[in-house]
Amino acid sequence: MTRSLMDKADIVRIFEEPAQWGLRGDPGLWQWLKATCEQNLQPCTAPAFMELIQGLLNEFGVSHDSDPAEMRYFEAFDKGGMSGGNISFRWWLEKGLPLLESRAVVVIAEKSI
């Protein structure tokens, strides 16, 4: 049985923008993750994809050990507004990561059909 793998072509579907964000810096981090995956992703399973995403988020201080109430400012993601440049750890831990994981699982499942 051939194992289905996700690849760079799947990134567009996985990174379709969510309807709601935590703070104004979150879309910038989302786009950065998408661009990084588009440039560097090798064919992989959904769990391997999530390991990559979690490793990339760790660079910004977001991990499962993070305090969900924490937020951090990153100038690169500042497009203005009161929370401009701030990323919400709560949003990434409770919404962003689960959303990416569920989408990756769906992409792999559809390739297996």
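The values are calculated or read from the model by the stated rules, or taken from the named source; none is laboratory data. The model shown is predicted, which means the values in this text are computed figures rather than measured ones. Cβ sites come from the backbone with ideal geometry, for glycine too, and all protein chains shown count toward neighbours.
Among the conditions (1) surrounded by fewer than 19 Cβ atoms within 10 Å (Cβ to Cβ); (2) not in a helix (DSSP H, G or I), the only one that Val12 does not satisfy is (2). Condition check: more than 17 Å from Gly80 (Cβ to Cβ), modelled with pLDDT under 95 and touching a Phe, Trp or Tyr at 6+ places or on another chain (Cβ under 9 Å). Does Met1 satisfy that? So Met1 does not fit the description; no. Checking each residue in region 75-112 for being over 14 Å from Phe15 (Cβ atoms), under 17 Å from the mean Cα position of the chain (by Cα) and aliphatic (A, V, I, L, M) picks out Ala76, Ile87, Leu93, Val105, Ile108.
Does region 72-85 include one or more residues that are assigned to a helix (DSSP H, G or I), touching a residue at least 12 places away in the same chain (Cβ under 8 Å), of a type outside the set (Lys, Arg) and under 17 Å from Gln20 (Cα atoms)?
Of all residues in region 72-85, those assigned to a helix (DSSP H, G or I) come to 75-77.
Cutting the leftovers down to touching a residue at least 12 places away in the same chain (Cβ under 8 Å) gives us 76-77.
Of the ones still in play, those that are also of a type outside the set (Lys, Arg) are 76-77.
Among the residues that remain, those that are also under 17 Å from Gln20 (Cα atoms) are: 77.
Yes, because at least one residue in region 72-85 is assigned to a helix (DSSP H, G or I), touching a residue at least 12 places away in the same chain (Cβ under 8 Å), of a type outside the set (Lys, Arg) and under 17 Å from Gln20 (Cα atoms).
Consider region 33-53 and keep the residues that are surrounded by 16 or more Cβ atoms within 10 Å (Cβ to Cβ) and assigned to a helix (DSSP H, G or I). The one that is farthest from the chain's Cα centre (by Cα) is Ala46.
Residue by residue, here is whether (1) free of Cβ contacts under 8 Å to residues at least 40 places away in the same chain; (2) within 16 Å of Phe77 (Cβ to Cβ) holds:
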position: Met6; (1), (2): no, no
position: Asp10; (1), (2): no, no
position: Phe15; (1), (2): no, yes
position: Ala19; (1), (2): yes, no
position: Trp30; (1), (2): no, yes
position: Lys34; (1), (2): yes, yes
position: Asn40; (1), (2): yes, no
position: Pro43; (1), (2): yes, no
